[in-house]
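Please treat every number below as a calculation from the coordinates, not as lab data. Predicted model, so just to flag it, every value in this text is computed and none were measured. Backbone-built Cβ (ideal geometry, glycine too); neighbour counts: all protein chains shown.
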Amino acid sequence: MVQVDISQLSRECNSWREQLRNFREEFTQDETRLRQVASQQLSKEQLQEVEHLHNQFHIQLINIHDLKQSIKAHDRKMNFELAAFNGTANEDSLSLHESLQEEYQSLEQTLTGLRNEFKEFLKNT
C-alpha cells in the first residue's frame, strides 16, 4: 500500500469530470449550430465538412461519456479505499489514476482540436 492523499486525487477526478461536462454542453450546442448551418445552401465540400463534424461530435460525445463514467467509478473506488484502509490507496488505484489522467489529457487535446476545427468551419461558411 502506498500512502497518498486520496482527497487530492478525488479533487482531480472531480475537476476532470467538470471539464468534460463543459465540453459535453459545448459540443451539444455546437451540434445544434451545425444543424442550423446545414440547413443553408452549401457547396458539396461544405456538406462533406458538415458530415465530418457531425460524426466527430457524435464520436467525441461518446468518448466524453465513457471517460466520465470511468473517472466516476475510479473516484468511488478511491473513496471506498479512503474509508476502508485508513486513507491509503493501493498501487492499482494509483496506476489507474495515472492512466485516466493520460486518457483525459489526450481526449482534451482532441476536443480542443475539434473545437478549433468547428470555429474555422463557421468562419468559412
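Couple of notes before you dig in:
- A helix-only calculation puts the chain at -31500 deg cm²/dmol for mean residue ellipticity at 222 nm, using -39500 (n - 2.57) for each DSSP H run of at least four residues, averaged over all residues.
- Rg/Rh (Cα only; Kirkwood hydrodynamic radius) as it applies to the stretch 20-87: 1.30
- Here the simple spin-label model places points 7 Å from the Cα toward Cβ, and for residue 85 and residue 25 these points are separated by 3.5 nm.
- Projected label distance in nm at residue 37 and residue 99, using a 7 Å step from Cα toward the beta-carbon: 3.7
- In summary, the lysines within cross-link reach of residue 77, defined as a Cα separation below 27 angstrom excluding same-chain residues under 8 places away, comprise 68.
- Cut-off 12 Å between beta-carbons: net charge of the residues surrounding residue 78, Lys and Arg +1, Asp and Glu -1: -1
- For the stretch 83-125, fraction of C-alpha pairs farther apart than 15 Å, in %: 63
- Estimated FRET transfer efficiency (residue 12, residue 123; beta-carbon r; R0 41 Å; 0.05): 0.75
- Both radii were evaluated on the Cα set of the chain; the Rg over Rh quotient, with Rh as the Kirkwood radius, amounts to 1.16.
- Residues residue 55 and residue 76, FRET efficiency given R0 of 30 Å [Cβ-Cβ distance, rounded to 0.05]: 0.40
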